[in-house]
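Working notes, beginning with the structure itself.
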Amino acid sequence: MTTATGHNNTVSSICCYCGTGCGVRVTPQANGTVTVIGDEQHPANFGRLCSKGRTLGESTGRLSARLLRPTLRHGKDALPQPASWNDALRMAGSKLSAAIREHGPDSVAFYLSGQLLTEDYYLFNKLARGLVGSNNIDTNSRLCMSSAVSGYKQTLGADAPPACYEDFDHAGCVFIAGANMAYAHPVLFRRLEEAKAANPAMKIIVADPRRTDTASIADLYLPVLPGTDVALFHAMLNVMIWEELIDRDYIEQHTEGFAVLRARLREFTPRAASELCGVHEDDIVTAARWFASSPATLSCYTMGLNQYSNGSDKNAALIHLHLATGHIGKPGAGPFSLTGQPNAMGGREVGGLATVLPGHRDPANAAHRAEVAALWGVPELPSRPGLTAIEMFEAAAEGRIKVLWIACTNPAHSLPDQTLVRAALEKVDCVIVQEAFAGSETLAYADIVLPAATWPEKDGSVTNSERRISRVRAALPPPGQARADWRIVADVARWLAADIAPERVRLFEFTDAGAVFAEHAATTAGRDLDYSRLSYAILDTQGPQQWPFDGKVGRKRLYADGVFATTSGRARFLDVGWRLPADKVSAHFSIRLTTGRLRDHWHSMSRTALVPGLTRHVEEPLLSMHPRDMQRHRLQDGELVKVRNKRGAIWLPVEADDSLRPGVAFIPMHWGAAALGGQGVNALTSRALDPHSKQPELKLAAVSVEPARLPWRATMLLRGDVQVLRPQLDALRAAFPYAVAVPVSLNGVEHLRLRLAAAVAPSSELLAELATRLLPADATLAAFDDAARGILRRVWLQGRTPLGFVLAGDVRADGALTGWLDGGEAPASLAALLQGQAAAANRARVVCACEGVREDAICAGIRRGLDVDGLKRELRCGTGCGSCVPELKRLCAA
Ligand SMILES: Nc1nc2c(c(=O)[nH]1)N[C@H]1C(S)=C(S)[C@@H](COP(=O)(O)OP(=O)(O)OC[C@H]3O[C@@H](n4cnc5c(=O)[nH]c(N)nc54)[C@H](O)[C@@H]3O)O[C@H]1N2
Ligand SMILES: Nc1nc2c(c(=O)[nH]1)N[C@H]1C(S)=C(S)[C@@H](COP(=O)(O)OP(=O)(O)OC[C@H]3O[C@@H](n4cnc5c(=O)[nH]c(N)nc54)[C@H](O)[C@@H]3O)O[C@H]1N2
Ligand code: SF4
Ligand SMILES: [Mo]
């Protein structure tokens, strides 16, 4: 059963990464870590896990990576000091009450996360709206799912993904638009691969400006230009109408607004749309035919649609295709937005957005506010609209926010337009950061740091992409003084209530997470998502359940009866017009930069960077560009470039990648300031908002790319923990425009890789500091310095074993030394090597994270005639989680 505890203290829980919501079985170990296997009973994954889920155990128990006690900073220039929980609660409570008294409740704001558990969010909501009296509570889901939310609400009437995972098995056509499932939802991608293998007639269409690993399974790949999907979807509907592939009866009986949209669609002929979206007109026609004529069509979509200033339009235009063909509410069919974070869905249910109240209610609706106020036993809820994420940081930069409480998200990495974000964080009087790990960029701005427990120390519940609620169970106690998020909120709330509204102290008295869940579940009674009859007891005995839940079973699919959650009961076609994305390319900024996920990293990497095996697939920040664009800009493969626009600039090496559409470049979203230096990747991205969803346009920035002209280089590789070295590191990095610091795994051991570049050689003092700051004082060194020429070459040795090196001014030996540290052969002469007289070896990427199989071994196998099955048999790559199989296929094809 997917239920509570088994023998050996093993608990059933949920993977803390993506919104697939895979079940895991977690067993605590004597050394303070856990082991993790897939839960065969869990209906999301039936035992499967991807590379990230499989290695969850390796990211636990690392105390050096964690925040272990509260810290307080008395003044912006003061250093943070360790404090007791009592002092931290007193300071947080008094800052909040002072701001409310002196500047009103809307001077307080909460910026939260889709990675909180439902119970955590619920209490944050109660605190913000029921005690502070402000709707200024929003989450990083605003950067993520909010255009999907507004797309569903505008067309279907409620924020409810209508499909379920089983639908992969029933679909005749799967349309994947703006989603890289192979990387971002790998276990769902495995389900899709299996469904396709079982039903070879299934057609898969992928629309993405990059030919991703997901596209490798496609029967039809549409290289849509960034931001132009509305033209593609409108033209598909136009073809369906023209060729009479629409379902007139369905439109007639269950929808409204078709005639107006139909008139609009006339201008979107395949030829006209092809000009706008860059997809060949024949391919548009084929996509339309496959979509409409399949027995059941399922669409999967995520950030490629949502993260645009026309993201709501993209969502609506895609949902139109389902309504016009009746591909909704039946097995294998429906518009299925895949949620990103593990509990973004829970946040949407509980009111984790400024625009939502608990139980899918609306803060602008007086009756809804009165219902929630009655449930909570408070006189009223605030009616003033709350600030959404970007608006919140804009208000903060203008000095309108006095206390900003950030929990479980890292805005100094992940919000667009970092210049604004950092100005905002500096301006706010009191920044509270509730965080579990020590490396988050946002901590540098914290006046109060509240150390949080994290997975697998937390107890609560999450909802996955298919509306399924599962229990998250603790397997370890929190380290140090860390506390569960919901408990921290309740602690501060009681302190604040005692000060400003003593009768409300009792609103925050809970014995455990289960009591919070019970109160939350009651708020859903009578609502579309009703799970008021669900309890921890039912989840413990009967396992995870979908909503709505009638007390016995949850509903698999929504809208089977064709009745929608609108006032008329009919789904709506919207008159969606054509709008270009906000950032326009120009002669100067001619490259369309998009950003997204890597297979083995999670966001700002606070957890995945701790797992050596996950750092080897893509080790260092790179800009990917089409070879033709590189030629046009006279750039060499591997050259260091400056990527720039009106908002900011970053430096990184460029790599040729012909899977991109020409004119489009790509940088993984994972490289923030801690890895890349400066302000990280979001120095470049835009905060232009979608007018309906207020979601910013993270997926497109017009940029220029030029040679960096930073000829002086240094590169270092040191055995050790990035967290421990970070203070020394940060002091050094500020002096260099290019200063990359990333964890890398060599021979299974964690190392820190540092690369620096500058226009001219640094002073001899700074040069000397490079080595002395980072290498242990008693290190044995082989040194070949040439101080007069600004050159430092030192290898840190223990006996004959290398532990690291520093190369500054002359980095030719980098490849060979790295190979040696990675278990390769020792050089015949260290002196010859350091002076650049030995051949430099290039180190291969690790393609298969589970079995640690490197690209060079795979390519050698392919040259010997092995196919994917042969590679699996001989090298064992692809036999673990299967996430690398699309890449193995790609290598074989190449
Ligand atoms: N490995 C890993 N998995 C994750 C995460 C992670 O950090 N790492 N994060 C999770 C989270 S929070 C989220 S939100 C999801 C995101 O999951 P996805 O949205 O699937 O991931 P992304 O890589 O952000 O973007 C998907 C694709 O959109 C494409 N794209 C860009 N512009 C357009 C466009 O205009 N039209 C179309 N059709 N496509 C476009 C990009 O090229 C990219 O391949 O992943 C979740 N899963
Ligand atoms: N350029 C670009 N930027 C993007 C995106 C993109 O595609 N491109 N995608 C956007 C999207 S979709 C998303 S979802 C965001 C994600 O952006 P963030 O939310 O900023 O990403 P994370 O690194 O997951 O941040 C979670 C933080 O919570 C901490 N943490 C982990 N567990 C716990 C816990 O249990 N309690 C507490 N209190 N803290 C914990 C982690 O250490 C980490 O610092 O990024 C957005 N930013
Ligand atoms: S697909 Fe991978 S990251 Fe997502 S929940 Fe499952 S194991 Fe975790
Ligand atoms: Mo996300």
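What follows draws every value from the coordinates through simple rules; no lab data is involved. Treat the numbers as computed from the prediction; the structure is a model and nothing was measured. Glycine gets a Cβ as well: all are built from the backbone with ideal geometry, and neighbour counts include every protein chain shown.
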Tell me, what is the Rg over Rh of the range 2-61, with Rh the Kirkwood radius over Cα pairs? 0.94
Could you give the spread of the C-alpha atoms of the range 723-845 along their three principal axes, from largest to smallest, in whole angstroms? 35, 34, 30
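Can you bin the range 71-214 into rounded, prolate or oblate? Criterion: square roots of the alpha carbon gyration tensor eigenvalues sorted a ≥ b ≥ c, rounded for a/c under 1.5, prolate for a/b above b/c, oblate for the rest.
Prolate shape, in that a/c is at least 1.5 and a/b is the bigger ratio.
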Past 25 Å, Cα to Cα, is the threshold; run 196/889; 153/330; 427/694; 126/556; 642/694 against it and keep the listed order. 126/556; 642/694
Would you work out if the range 525-579 is rounded, prolate or oblate? Take a ≥ b ≥ c from the square roots of the eigenvalues of the alpha-carbon gyration tensor; rounded if a/c is under 1.5, else prolate when a/b is larger than b/c, oblate otherwise. prolate
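Give me D for the range 846-893 in µm² s⁻¹, whole number, from Stokes-Einstein with Rh from the Kirkwood sum over alpha-carbon pairs, 4 °C and 1.567 mPa s.
129
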Treating cross-link reach as a plain straight distance, find the lysines whose alpha-carbon is under 17 Å from the alpha-carbon of residue 584, omitting any fewer than eight places away in the same chain. 646, 699
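Rounded to the nearest 0.05, what FRET efficiency do residue 293 and residue 892 give with R0 = 25 Å and r taken as the Cβ-Cβ distance? Could you check?
Approximately 0.20, to the nearest 0.05.
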Once label points are set 7 Å from the Cα along Cα→Cβ at both residue 829 and residue 444, what is their separation, rounded to one decimal in nm? 4.4
Reach of residue 52 by Cα under 13 Å, taken over aspartates and glutamates that are not fewer than 8 positions away in the same chain: 600
Full extension between residue 249 and residue 35 adds, at 0.36 nm per residue less the Cα distance, a length in nm of 71.6 nm
Give a residue-ordered list of calculated ³J(HN,Hα) values for the range 18-35 (Karplus: 6.51 cos²θ - 1.76 cosθ + 1.60, θ = phi - 60°; whole Hz; x for Gly, Pro). 8, x, 4, x, 5, x, 10, 10, 10, 10, x, 10, 4, 7, x, 9, 9, 10
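What is the chain's relative contact order, in percent, from Cα pairs under 8 angstrom and six or more apart in sequence?
Once divided by the residue count of the chain, the mean separation gives 15 percent.
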Computed over the range 334-449, Kirkwood Rh from alpha-carbon pairs, angstrom: 16.0
Roughly how many debye, to the nearest 20, is the charge dipole of the chain about its Cα centre, given +1 on each Lys and Arg Cβ, -1 on each Asp and Glu Cβ, and no other charges? 620
Residue-normalised 222 nm signal for the chain, counting each DSSP H run of n ≥ 4 as -39,500 (n - 2.57), nearest 500 deg cm²/dmol, is -9000 deg cm²/dmol
Sorted by mean Cβ packing within 10 Å, highest first, what order do the peptides 359-371, 327-339 take? 327-339, 359-371
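For the range 460-502, what is the per residue volume of the convex hull drawn over the alpha-carbon atoms, in cubic angstrom?
Here the figure is 108 Å³ per residue.
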State, in angstrom, two size descriptors of the chain derived from its alpha carbons: Rg to one decimal place and Dmax to the nearest whole number. 27.0, 84
For the range 216-338, shape from the Cα gyration tensor axes a ≥ b ≥ c, cut at a/c of 1.5 then a/b versus b/c, turns out rounded
For the range 2-61, calculate the relative contact order in percent as a whole number, restricting contacts to Cα pairs under 8 Å that are 6 or more residues apart. 27
Would you work out which of 866, 209, 329 lies farthest towards the positive end of the dipole of the chain, given +1 charges on the beta-carbon of Lys and Arg and -1 on that of Asp and Glu, about the Cα centre? 866
